[in-house]
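The values are calculated or read from the model by the stated rules, or taken from the named source; none is laboratory data. Quick caveat: nothing in here was measured; it's all calculated off a predicted structure. Heads up, the Cβs are rebuilt from the backbone with ideal geometry, glycines too, and the neighbour counts pull from every protein chain shown. SASA here: full protein model, heavy atoms, side chains in, ligands and nucleic acids out. Shrake-Rupley method; radii C 1.70, N 1.55, O 1.52, S 1.80 Å.
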Amino acid sequence: MRIAVIGGGIGGLTAARALVAAGIDAHVLDASERPGGVVVTTNVGGFVREHAASSFLGGPPHGALALCNELGVAVDKASPRAKRRWIFIDGKLRAVPTNPIELARSDLLTWRGKLDLVREPLRARRGLGEDESVHAFAARRFGAEAARALFAPFVTGVFAADAHAISLEAGFPRLAALDEQGGVLVGFAKQAVAGLLARARGETEPKTARGLWAPRGGLGTLASALATSLGDRVRSGVRVREIVRTVTGVAVDGERWDGAVLALPAELASAMVVDSMPEVATRLRTIYRAPVAIAYLGFPERAVRSRDGFGFLVAHGEDLRVLGVVFESVVWPDRAPSGQVLLRCIFGGGRDPEACDLSEPQLVEVARRDLSIALGITETPTHASVVKWDRGIAQYQVGHRDHVRAAVVAARAQRIALAGADYRGASINELCADASVIVDEVRSWA
Ligand SMILES: Cc1cc2nc3c(=O)[nH]c(=O)nc-3n(C[C@H](O)[C@H](O)[C@H](O)COP(=O)(O)OP(=O)(O)OC[C@H]3O[C@@H](n4cnc5c(N)ncnc54)[C@H](O)[C@@H]3O)c2cc1C
């Protein structure tokens, strides 16, 4: 089969690679001159700027770390200084507890909030097959305080979204499963006991590289290596306008193929089939990516009171506009020149899309104000720049799985597969794993 993969982001590139490995003649058509989509790394005066993804977890066996190893891309593990995470809530930064003793001592929750949290196993479970927002789930099982102080910032960290809008089932399927099976704390406890028993029996766990990883030189290196591995199967600078159904497959701007994989934001994919496949177009329009803006600020080390950690997330209702700040050069020391620090400030997302309408100087000013409140930084930055994406981060709204199911069925009837961040997982790890779903889908047309 000869298949057109439209979109050369990580979703399209990993899908094409898996299709080729399965013996399918896949070719990527990408509008940009540089494959990788939103995954771009630029270096401005020694400040290494990630325009989107900046790291991935090492655990999943078919994830990004395994892909880097296959492609010969050198990787680094995040600095041990990055372990601590912070939440800005009730006017100051508070550490996220990492164990029960820290939780007992933490000022992130009141005693009432902590009691509510540990009573989670006694709470009612969700009805089978019912979706709800992550906020509704967290408030139901862990109480309103934990929902605001822990879960909502966590959702902002993953989707730059409002936890009231994001689907538990689609966004956090593991939590949804634990909820149905009798509770999150009980589920974690069972896993811990099973691990201990397995170790007592001498069973060794499969070797996983836990922790946070990134390609040396940034995620852009992975995008380039993926594109290089596909050679002349990647056609850059090709902006597809229309796809129509033919008797045996599809025509992409007049060129005939046996089928197509749409690996670009659903809204753009919808526009390509609006006249020729109206049902697919309608289904795709229900799926949304939010805009996002990133302000990068560099400072001399002395300007920043030493604070270890990955960064901080901001709870709802605080007097800061930034959604979160990554202490980029604490996590990855080579991402700032010697003696300097780099802070990556994220704005917009589903929680505050209007922030992306601010001009670049305005965003830098807001970032400086927020950093002075949260971290006490008052010096003029040595580096300040902004990157914006109109369609940045996928938003899995409540009911997302049903929308995706309906879109996949409608697309299948037209020999079209749906790939990329808008459907079954937005992280780089999930996109790597999703490539095999696309191979199965395309094979099912044979
Ligand atoms: C700020 C930010 C931070 C993030 N942080 C992380 C992180 O730390 N870890 C993590 O795992 N994930 C992270 N993510 C998520 C991850 O980066 C994205 O979900 C993923 O890279 C999206 O890949 P994609 O291939 O689905 O889409 P995209 O990267 O958007 O690619 C779509 C492609 O379609 C092409 N295209 C568009 N229109 C056309 C057309 N008409 N014809 C042909 N081609 C077209 C574009 O050129 C582009 O190459 C982050 C995302 C953002 C925005």
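Being open to solvent by 20 Å² or more (accessible area, probe 1.4 Å), within 13 Å of the ligand (Cβ to nearest atom) and small (Gly, Ala, Ser) is the requirement here; does Ala290 meet it? Show your work before the answer.
Working: open to solvent by 20 Å² or more (accessible area, probe 1.4 Å): no; within 13 Å of the ligand (Cβ to nearest atom): yes; small (Gly, Ala, Ser): yes.
No: the conditions fail for Ala290.
Residue check, Phe88 against (1) open to solvent by less than 30 Å² (accessible area, probe 1.4 Å); (2) free of Cβ contacts under 8 Å to residues at least 24 places away in the same chain, all met but one. Which one?
(2)
Go through the stretch 414-438 and count every residue that is of a type in the set (Val, Ile, Thr), part of a helix (DSSP H, G or I) and either buried (at least 21 other Cβ atoms within 10 Å of the Cβ) or outside the structural domain of Leu19 (by TED's automatic domain parsing) (or both).
From the stretch 414-438, those of a type in the set (Val, Ile, Thr) are 416, 428, 437-438; that's our starting set.
When the remaining residues are screened for being part of a helix (DSSP H, G or I), the result is 428, 437-438.
Filter once more, keeping what is either buried (at least 21 other Cβ atoms within 10 Å of the Cβ) or outside the structural domain of Leu19 (by TED's automatic domain parsing) (or both): 428, 438.
Of the residues in the stretch 414-438, 2 are of a type in the set (Val, Ile, Thr), part of a helix (DSSP H, G or I) and either buried (at least 21 other Cβ atoms within 10 Å of the Cβ) or outside the structural domain of Leu19 (by TED's automatic domain parsing) (or both).
For the stretch 51-66, give me the residue count where each residue is farther than 30 Å from Leu297 by Cβ and within 12 Å of the ligand (Cβ to nearest atom).
Total satisfying the criteria: 2.
Do any residues in the stretch 370-384 that are free of Cβ contacts under 8 Å to residues at least 60 places away in the same chain have Cβ atoms under 6 Å from those of residues that are open to solvent by 50 Å² or more (accessible area, probe 1.4 Å) and of a type outside the set (A, V, I, L, M), where the two are at least six apart or on different chains, and which pairs are they?
Close Cβ pairs satisfying both conditions: Ser372/Thr378.
Name every residue in the stretch 10-34 that is open to solvent by less than 30 Å² (accessible area, probe 1.4 Å) and in contact with a helix residue (DSSP H, G or I) (Cβ under 8 Å, 6 or more places away or on another chain), in order of residue number.
Listed by number, the residues that qualify are Ile10, Gly11, Leu13, Thr14, Ala15, Ala16, Ala18, Leu19, Ile24, Ala26, Val28, Asp30.
Could you list, ordered by first residue, the pairs with Cβ atoms under 9 Å in which the first is in the stretch 2-20 and assigned to a helix (DSSP H, G or I) and within 12 Å of the ligand (Cβ to nearest atom) and the second is of a type in the set (D, E, K, R) and modelled with pLDDT of 95 or more, at least 6 apart or interchain?
Gly11/Asp422; Gly11/Asp434; Gly12/Asp30; Leu13/Asp30; Thr14/Asp434; Ala15/Asp434; Ala16/Arg233
If I ask for residues that are part of a strand (DSSP E or B) and either closer than 19 Å to Asp370 by Cβ or among the basic types (Lys, Arg) (or both), which ones from the stretch 325-348 would you list? First the steps, then the outcome.
At the first step, the residues of the stretch 325-348 found to be part of a strand (DSSP E or B) are 325-326, 340-348.
Selection gives Val325, Val326, Val341, Leu342, Leu343, Arg344, Cys345, Ile346, Phe347, Gly348.
Can you name the residue in the stretch 262-286 that is touching a residue at least 40 places away in the same chain (Cβ under 8 Å), within 12 Å of the ligand (Cβ to nearest atom) and open to solvent by less than 10 Å² (accessible area, probe 1.4 Å) and, of all such residues, is farthest from Ser55 (Cα to Cα)?
Among them, the one singled out is Val273.
Given Val96, Val38, Val75, which one is within 26 Å of Glu441 (Cβ to Cβ) and open to solvent by 20 Å² or more (accessible area, probe 1.4 Å)?
The conditions single out Val38.
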